[in-house]
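Here the structure comes first, spelled out in structure tokens, and everything after it is commentary.
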Amino acid sequence: MSVNKVILLGHVGADPEIRYPEPDRPIAFMSLATNDRYANSTTEITEWHRLVMGGPNARLAENYIRKGTRLYVEGRIKSREYTDKMQVRRRITEIIVDKVELLGRRADNPDNTVK
């Protein structure tokens, strides 16, 4: 038996990028920041995660998620390789989102309005 499960709670780093590889089948891409604080320290380390959402979650992202939105995310880790425009082989790790909940927006960002 094996398990590939990720649970994240953080803030969206930029407005989602929405693509339509097929009509009526959106895919949303975005970054999510999580913070770790070391014991007995004020130092906080930010970790960035690349999220990929499809189907209803992508529509939710398209309509309601903006930079600064606080999200609870459940999903799985997936890594893939590709060759970039300069013919350099790259490896990327993404979180394929199965469940997402909007928890609110940062109060310090007045541009975060639901559209």
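Tell me, what is a quarter of the convex hull surface for the C-alpha atoms of the chain, in nm² with one decimal? Walk me through the numbers before you get to the answer.
Details: hull surface 42.2 nm².
Seen from a random direction, the Cα hull of the chain projects 10.5 nm² on average.
Run through region 1-38 and list the trypsin sites (Lys or Arg not before Pro) located in a DSSP loop whose Cβ has at most 16 other Cβ atoms within 10 Å.
Details: sites: Lys5, Arg19, Arg37; in loops: Lys5.
Answer in residue order: Lys5.
Which one of Lys99, Lys85, Lys67 has the biggest mean-square fluctuation once the chain is modelled by GNM with Cα springs under 10 Å?
Lys85
What is the sum of charges, Lys and Arg at +1 and Asp and Glu at -1, for the other residues whose Cβ falls under 11 Å from the Cβ of Val6? Please report the intermediate quantities before stating the final value.
Values: positive: Lys5, Arg76, Lys78, Lys99; negative: Glu74, Glu94, Asp98.
Net of charged neighbours comes to +1.
Using only DSSP helix segments of four residues or longer, with each worth -39500 (n - 2.57), what per-residue ellipticity at 222 nm results for the chain after dividing by its residue count and rounding to 500? Please report the intermediate quantities before stating the final value.
On the way: 1 runs with 10 residues, N = 115.
Calculated from helices alone, the mean residue ellipticity at 222 nm is -2500 deg cm²/dmol.
By the scheme Lys and Arg +1, Asp and Glu -1, what is the net charge of all other residues having a beta-carbon under 10 Å from that of Ile18? Display every interim value, and only then the final one.
Details: positive: Arg19, Arg59; negative: Asp15, Glu17, Glu62.
Taking every Cβ under 10 Å from that of Ile18, the sum is -1.
Multiplying the sequence separation of Thr42 and Leu103 by 0.36 nm and subtracting their Cα-Cα distance, what value in nm do you get? Please report the intermediate quantities before stating the final value.
Working: separation 61, 0.36 × 61 = 21.96 nm, distance 2.52 nm.
Once the chain is fully extended between Thr42 and Leu103, it gains 19.4 nm.
Any idea what Rg and Dmax come out to for region 44-84 if you just take the C-alpha atoms, in Å?
Here Rg and the maximum Cα pair distance are 12.9, 34 Å.
Please report the net charge: other residues with Cβ closer than 15 Å to the Cβ of Pro56, K and R +1, D and E -1. Present the calculation step by step, with values, prior to reporting the outcome.
Numbers: positive: Arg25, Arg59, Lys99; negative: Asp24, Glu62, Glu74, Asp98, Glu101.
Combined, the nearby Lys, Arg, Asp and Glu give -2.
With r as the distance between the Cβ atoms of Glu81 and Ala14 and R0 = 30 Å, compute the FRET efficiency 1/(1 + (r/R0)^6) and round to 0.05. Can you show the working numbers first?
Numbers: r = 24 Å, r/R0 = 0.81.
The computed FRET efficiency comes out at 0.80.
Computed from the coordinates by the stated procedures, all read-outs in this text should not be read as laboratory data. Not measured: the values here are computed from a predicted model. Methodologically, a virtual Cβ is constructed for each residue, glycine included, from the backbone with ideal geometry; neighbour enumeration extends over all protein chains shown.
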